[in-house]
Amino acid sequence: MIEIKNLSKTFNSKSSEVKALKNINLQINKGEIFGIIGLSGAGKSTLIRTINRLEEPTEGSIIIEGKDITKLDKTDLRNTRKEIGMIFQHFNLLSSRTVFQNIAFPLEINGYDKNYIEKRVNELLKVVELTDKKNAYPSQLSGGQKQRVAIARALADNPKILLCDEATSALDPKTTKAILNLLKKIQKEFNLTVVLITHQMEVIKEVCNRVAIIEAGKIIELNTVEEIFARPKTNTAKAFISHIHRSSEGEIIYPTTPGSTVIKLGYLGDSSKKPIISSLIRNFDIDINILSGDIDELQSTSVGNLLIQVMGNNEEKEKAFEWIKEQNIDLEVIWNG
């Protein structure tokens, strides 16, 4: 559906050159919700804005349904953009227009007749559950309602792709969940391909099928959401999903008792519900101190993480660690005293 090849973006000024994107390669499948997560300044907003050429790439290609949009002239690009809706962090609504008029705006620009516009806007008001706000102005709406209007406006011209640029960052947790549920609903109802950028792992966990982690303009990790949560490979991925105690400098806090070993266990699916700790204590001559743990319920499975301190002789600990690995549980040694 969307194929990004060797994409780079450099911003130039008189005094400096900033490489915002560096040789990005991604393939986003038709009908999936694809997440891109990164810290501020990582390049995620620049990346999503190149998909509809709101930002012009410096190098590389963006192929949508077999068409390289970097080679399109203004007319063809305008027609292609009709198939790509976009919603923003701060809604970008027109304050002087009602909810109805905001949703109708792209249809008016594209020359649809009044009867079609009224029918389409009323349909979308039902989809985003704002029929009763039809004649309200943005100043009379809550943040969640404003984002619902922005979503309806993005859907007005029947796009195939929906780009979400930090669409929930300005919302409280309860409203964020409601908007994410709406995105899941419309993705299924309209068979959309959704590309969503965020700096919140909770957003990725709630709606995405796959996720790319971007850092300093590069994709450093790409996998299913389940695999990223269960088996993160990079320090950045581990930091995003970690719920364990950390110092103000971001370091993991754990006891450093001589002779003990601190390990992190990663569970996926049914293994997250196994009585691992009781089995370890029963079967091996070791003592265990549970430091922290959690289970995340993803869309299709459960992912668990557990940080424990293991005490005992080295031979018995090694036997226990081998047994853990045989249970299809990831084991990472955090500290070995």
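Observations on the model:
- Check on Gly304, in a strand (DSSP E or B), out of contact with any His (no Cβ under 7 Å at 6 or more places or on another chain) and buried (at least 18 other Cβ atoms within 10 Å of the Cβ): yes
- Within the range 82-135, being of a type in the set (Gly, Ala, Ser) and touching a strand residue (DSSP E or B) at 6+ places or on another chain (Cβ under 6 Å) holds for one residue alone: Gly85.
- Whichever residue in the range 137-184 is free of Cβ contacts under 8 Å to residues at least 40 places away in the same chain and charged (D, E, K, R) and, among such residues, is surrounded by the most Cβ atoms within 10 Å (Cβ to Cβ): Arg148
- Highlighted here are the strands (runs of 3 or more DSSP E) found entirely within the range 201-269 that include at least 1 residues which are at pLDDT 80 or above and either closer than 19 Å to Asn336 by Cα or more than 21 Å from the chain's Cα centre (by Cα) (or both): 260-268.
- Those residues of the range 31-50 which are in a loop (DSSP other than H, G, I, E, B) and closer than 17 Å to Asn209 by Cβ, in sequence order: Gly31, Glu32
- Enumeration of residues in the range 60-84 that are over 17 Å from Lys160 (Cβ atoms) and loosely packed, with under 15 Cβ neighbours inside 10 Å: Ser61, Lys71, Asp73, Lys74, Thr75
- Residue within the range 40-48 that is exposed (fewer than 14 other Cβ atoms within 10 Å of the Cβ) and within 16 Å of Gly217 (Cβ to Cβ) present: yes
- Scanning the range 3-30 for residues that are charged (D, E, K, R), more than 18 Å from Arg53 (Cβ to Cβ), over 21 Å from the mean Cα position of the chain (by Cα) and assigned to a strand (DSSP E or B) yields Glu17, Lys19.
- Single residue of Ala170, Ala152 found to be among the aliphatic types (A, V, I, L, M) and modelled with pLDDT of 95 or more: Ala152
- Single condition Asn328 does not satisfy, out of (1) under 22 Å from Lys205 (Cβ atoms); (2) part of a strand (DSSP E or B); (3) modelled with pLDDT of 80 or more: (2)
Okay, residues lined up against (1) among the small types (Gly, Ala, Ser); (2) modelled with pLDDT of 85 or more; (3) in the same structural domain as Tyr267 (by TED's automatic domain parsing):
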{"position": "Ile295", "(1), (2), (3)": "no, no, yes"}
{"position": "Gly304", "(1), (2), (3)": "yes, no, yes"}
{"position": "Asn313", "(1), (2), (3)": "no, yes, yes"}
{"position": "Glu322", "(1), (2), (3)": "no, yes, yes"}
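- Condition met for Leu54 (out of contact with any strand residue (DSSP E or B) (no Cβ under 7 Å at 6 or more places or on another chain), in a loop (DSSP other than H, G, I, E, B) and touching a residue at least 40 places away in the same chain (Cβ under 8 Å)): no
- The set of residues in the range 65-80 that are part of a loop (DSSP other than H, G, I, E, B) and either among the hydroxyl-bearing types (Ser, Thr, Tyr) or under 27 Å from the mean Cα position of the chain (by Cα) (or both) comprises Glu65, Gly66.
- Residue count for the range 103-132 under the criterion of being closer than 19 Å to Leu171 by Cα and crowded, with 19+ Cβ neighbours inside 10 Å: the result is 2.
- Against the list (1) within 25 Å of Leu47 (Cβ to Cβ); (2) modelled with pLDDT of 95 or more, the condition Asp165 fails is (2).
The values are calculated or read from the model by the stated rules, or taken from the named source; none is laboratory data. All values reported here derive from a predicted model rather than from experimental measurement. Cβ sites come from the backbone with ideal geometry, for glycine too, and all protein chains shown count toward neighbours.
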